[in-house]
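Peer 1: Before I ask anything, here is the structure I am working with.
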């Protein structure tokens, strides 16, 4: 009995000490994180989806049906789902988040280079994650977001209905659509927004090395236009970087955008990109650059026309690999017509022409061409 009493007293003492420790921890936490007055009624959760069906006819008729140097449209002479996704969003005063699952030919094409290191990585699963991000407001005008999110660079969206033109320019296709990491966004004023990012690297959820990349974003709104300057800086060498001496293929990328604010009839954007990457085992750098200008004119409440001019050069095939000794140096233009069939239905059409200095566009079975012309039609449904 005496022994049992001593054990009982010991247990009660331990519980008391544990309770005191927990109270101290909670009190200390409360001192660090003051009461924000959270309320479940403040949160708004919404569900939505999107399906974009496309048909494209490539006059070069690539043998296996895969179209080169693009993700949208990725297939020739084939009705298919370009992009479909389902999303859930959560919004409140202090938190925000989006989770979206996706599939389609654009997904297969864009995520084909997702790196694989080890047995638990790669694009087999990650390509179906369009976004998986969550954010917290650390101040009145400051947010921290983490996860997988759309990239801050470029003027064109991964989702075609949100773009001025149906297809993507070459500068859009060969800069990141998505990043994985953490970002800090601060609205300095009504005109100026700043961003700072730390990510795994150039459009990859799984790491291709042991380094991280930095990104910055500056957006300044004038009365009639918006000015944007974005950067990405990171080592893009693949493999184990623990070896000695340590190699580096440092890449720094600069993205400049000037775009119109919402106007009654016309929207336009001009973009220029330039990138540099250190050559392997060298102190010299390779470079690439591109530019595009796009505009869309509203004919009436249900019809719009659009146009684009573009140019892209990557002489050392840093981001655009042709699969041949010749690199891509191309200029192009496109014209499009949009018809709003209903509030949730959008029919878009476009003809696009590209001309290169060398024969790099696949043509037929065993041939290439300096030119490429494509007709694309799309029916997109939002729900």
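Peer 1: Picking from 116, 142, which residue would you name as being modelled with pLDDT under 95 and over 17 Å from the mean Cα position of the chain (by Cα)?
Peer 2: From the options 116, 142, the qualifying one is 116.
Peer 1: Answer yes if at least one residue in the stretch 357-371 is without any contact (Cβ under 8 Å) to a residue 12 or more places away in the chain and not in a loop (DSSP other than H, G, I, E, B), and no otherwise.
Peer 2: The answer is yes, given that some residue of the stretch 357-371 is without any contact (Cβ under 8 Å) to a residue 12 or more places away in the chain and not in a loop (DSSP other than H, G, I, E, B).
Peer 1: Suppose we filter 68, 56 for residues that are assigned to a strand (DSSP E or B), surrounded by 15 or more Cβ atoms within 10 Å (Cβ to Cβ), out of contact with any helix residue (DSSP H, G or I) (no Cβ under 9 Å at 6 or more places or on another chain) and at pLDDT 95 or above; which single one remains? Working first, answer last.
Peer 2: Values: 68 fails: assigned to a strand (DSSP E or B).
Just one listed residue meets the conditions, 56.
Peer 1: Of the residues in the stretch 207-219, how many are over 12 Å from residue 251 (Cα atoms) and either exposed (fewer than 14 other Cβ atoms within 10 Å of the Cβ) or within 15 Å of the chain's Cα centre (by Cα) (or both)?
Peer 2: So the answer is 3.
Peer 1: Additional query: Which condition does residue 100 not pass, out of (1) buried (at least 19 other Cβ atoms within 10 Å of the Cβ); (2) under 27 Å from residue 256 (Cα atoms), if it passes all the others?
Peer 2: Of the numbered conditions (1) buried (at least 19 other Cβ atoms within 10 Å of the Cβ); (2) under 27 Å from residue 256 (Cα atoms), the odd one out for residue 100 is (2).
Peer 1: Right, here's the next one. On the basis of being modelled with pLDDT of 95 or more, over 20 Å from residue 382 (Cβ atoms) and in contact with a strand residue (DSSP E or B) (Cβ under 7 Å, 6 or more places away or on another chain), does residue 94 make the cut? Lay out the reasoning, then the answer.
Peer 2: On the way: modelled with pLDDT of 95 or more: yes; over 20 Å from residue 382 (Cβ atoms): yes; in contact with a strand residue (DSSP E or B) (Cβ under 7 Å, 6 or more places away or on another chain): yes.
So residue 94 fits the description; yes.
Peer 1: Tally up the residues in the stretch 248-258 that are under 17 Å from residue 222 (Cα atoms) and crowded, with 17+ Cβ neighbours inside 10 Å, please.
Peer 2: 1
The values are calculated or read from the model by the stated rules, or taken from the named source; none is laboratory data. Note that the coordinates shown come from a computational prediction; the quantities given were computed from them, not determined experimentally. In this analysis, Cβ positions are derived from the backbone assuming ideal geometry, glycine residues included, and neighbour counts consider all displayed protein chains.
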